[in-house]
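The values are calculated or read from the model by the stated rules, or taken from the named source; none is laboratory data. This is a predicted model, so every value here is computed, not measured. Positions of Cβ are generated from backbone atoms using ideal geometry, with glycine treated the same way; all protein chains shown enter the neighbour counts.
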Amino acid sequence: AHQWRGVIREYADRLPVTASTRVITLGEGGTPLAHAQKLSELTGSTVYLKVEGMNPTGSFKDRGMTMAMTAAVEAGAKAVVCASTGNTSASAAAYATSAGLTCAVLVPEGKIAMGKLSQAIAHGATLLQVDGNFDDCLEIARKLADAYPVFLVNSVNPARIQGQKTASFEIVDALGDAPDIHVLPVGNAGNISAYWKGYKEYATATEYAFDGAPARTLEAVSTRLPAMWGFQAAGAAPFVAGHPITHPETIATAIRIGNPASWETAVAARDESGGLIDAVTDDEILAAHRWLSAREGVFVEPGSAASVAGLLKMHGAGRVPTGKTIVCTVTGHGLKDPQWALRTADGGEVEPVKVGNDVVSVAAALGLA
Ligand code: F0G
C-alpha cells in the first residue's frame, strides 16, 4: 500500500528542493476531497470540500510550514518566528520542534482560539501575546527577522506559498482536471495566492529552476483554470473595501486581518481568473459552520466556514451556475475552536440532557419508551 509521504516528497519535482535537501515533514497534505452531498443538491453543481483540517496540526498551514521549516534548516537558522491568528503558530511550533529549532510566536492578545493556543504551548514555542491585532504582530515579526538572527515563517516567506500551492495539485490529481470554481476564505491572502499559483503551474508547461538543481520543464496536467472566489469576514474585508481596515472585527478570529500581506497576488488571482472577493457576515459564517457539521458531517472552525458561507450567499443571489464542478476549501478543524457548536442559532447555550443511570430513563429520553 502507498503511504503518503508529505507534500515535499510527493511533489518534489515542482518544489524548490533537491535530492540532498533535508526535508522537515510531519506527513502533511493528501487531505480528503469530500463530496458535499447537500451543497451539491442545493446548487445543482457537484460540490467538493477540500478538508484541510485533516493535516497534522489541523490546518492547511502545514503545507507551507514543511517548506518554510525545510528552508529554515537549509539556511542554517536556529530560531524561527511568526505572527499568527493561531493556526500558523500551532503549525510553526510543531514543525520547529520536529526540525530541532526554537520557535517564537506573536499572537493578538485574547483573540486566538484555545485549541491553537494549547498547540503552540504543547510544542514548546515561546508564545507572546501582543497588545494589538494580527497586523501589528506581523509588522513586529518582520522587523524582528530583519534585525535579529531569527527566520520568518509567515506567508510573506515565498517557501510557504510554494508548499501551499500543492493543494491545487492534489485537487487536479483527484478530479482529473481543475474545477470550474474554487472557493476559499481570505485573511492574510497567502492561500488564495498559493492556490492560483498551483492551478496555473498545472495548466501550462512550467519550468522549475531552483538553486543547485538543473532546470526542468514539466508538461501541463490540467486543461483549464478555475474562477477563484474568495470570501472575507464582513468586519475584516479590506479587499471589498479596497483599502486596509484599521480595526478588523469578526468572531472568525482566524481571518481577523485588516492589512493582508499578499495584497497584489490575491488581487491578481481574483482578476486573472475572472473570479471575485466578497464578504460574508458573522451570522452567515456561523450558519455555514452549522450547515457543514449538521448536514455534511464535516466539523470546521468558523474561519473555514467563510468559503461555504460565500457559496451559500452566491447561491442565494442566483450566481452559482448549475452543472459545474466546485471545490470549497475548508481550512481548519472544528476542534480548534469548538465552543461555537454549543451555541444555538439564537445565541443560547446547548444544555446536555441529564438522565438516570438505567436503561428505562435513557430509552425514555430517546423517545423509545
Ligand atoms: N482559514 C484559517 C483557518 C486560517 O487560519 C487562515 C489564516 C485563513 C483561513 C486565511 O488564510 O491568511 O492565507 O488568507 N490564518 C493565519 C494564521 C493568518 O496566523 O494562522 P490566508
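Taken over the range 136-166, the criterion of being in contact with a helix residue (DSSP H, G or I) (Cβ under 7 Å, 6 or more places away or on another chain) and either within 20 Å of residue 31 (Cβ to Cβ) or part of a helix (DSSP H, G or I) (or both) is satisfied by 155, 159, 160, 161, 162, 163, 164, 165, 166. For the range 243-260, a residue qualifies if it is more than 8 Å from the ligand (Cβ to nearest atom), surrounded by 15 or more Cβ atoms within 10 Å (Cβ to Cβ), in contact (Cβ under 8 Å) with a residue 60 or more places away in the chain and within 17 Å of residue 136 (Cβ to Cβ), and the qualifying residues are 248, 253, 256, 258, 259. Applying the condition of being at positive phi and surrounded by 18 or more Cβ atoms within 10 Å (Cβ to Cβ) to the range 1-47 and asking which residue is farthest from the chain's Cα centre (by Cα) yields 6. Answer yes or no: is there a residue in the range 308-328 that is under 24 Å from residue 118 (Cβ atoms), assigned by TED's automatic domain parsing to the domain that holds residue 169 and part of a helix (DSSP H, G or I). No, the range 308-328 has no match at all.
Just to be sure, is residue 326 of a type in the set (A, V, I, L, M, F, W, C), away from the ligand (no atom under 16 Å from the Cβ), at pLDDT 95 or above and within 19 Å of the chain's Cα centre (by Cα)? So residue 326 passes the test. Between 174, 178, 167, the distinction of being closer than 30 Å to residue 47 by Cα and either free of Cβ contacts under 8 Å to residues at least 24 places away in the same chain or under 18 Å from the mean Cα position of the chain (by Cα) (or both) belongs to 167 only. Please verify whether the range 249-256 includes one or more residues that are assigned to a loop (DSSP other than H, G, I, E, B), more than 25 Å from residue 45 (Cβ to Cβ) and acidic (Asp, Glu). Yes, there is a match, as at least one residue in the range 249-256 is assigned to a loop (DSSP other than H, G, I, E, B), more than 25 Å from residue 45 (Cβ to Cβ) and acidic (Asp, Glu). The set of residues from the range 92-104 being outside any helix (DSSP H, G or I) and away from the ligand (no atom under 16 Å from the Cβ) comprises 100, 101, 102.
Among strands (runs of 3 or more DSSP E) entirely within the range 1-91, having at least 2 residues that are over 30 Å from residue 111 (Cα atoms) singles out 33-35, 46-51.
Exactly one residue out of 287, 341, 269 is at pLDDT below 95, in a helix (DSSP H, G or I) and closer than 30 Å to residue 112 by Cβ: that is 341.
For the range 160-172, the criterion of being buried (at least 16 other Cβ atoms within 10 Å of the Cβ), small (Gly, Ala, Ser), within 14 Å of the ligand (Cβ to nearest atom) and not assigned by TED's automatic domain parsing to the domain that holds residue 280 is met by no residue.
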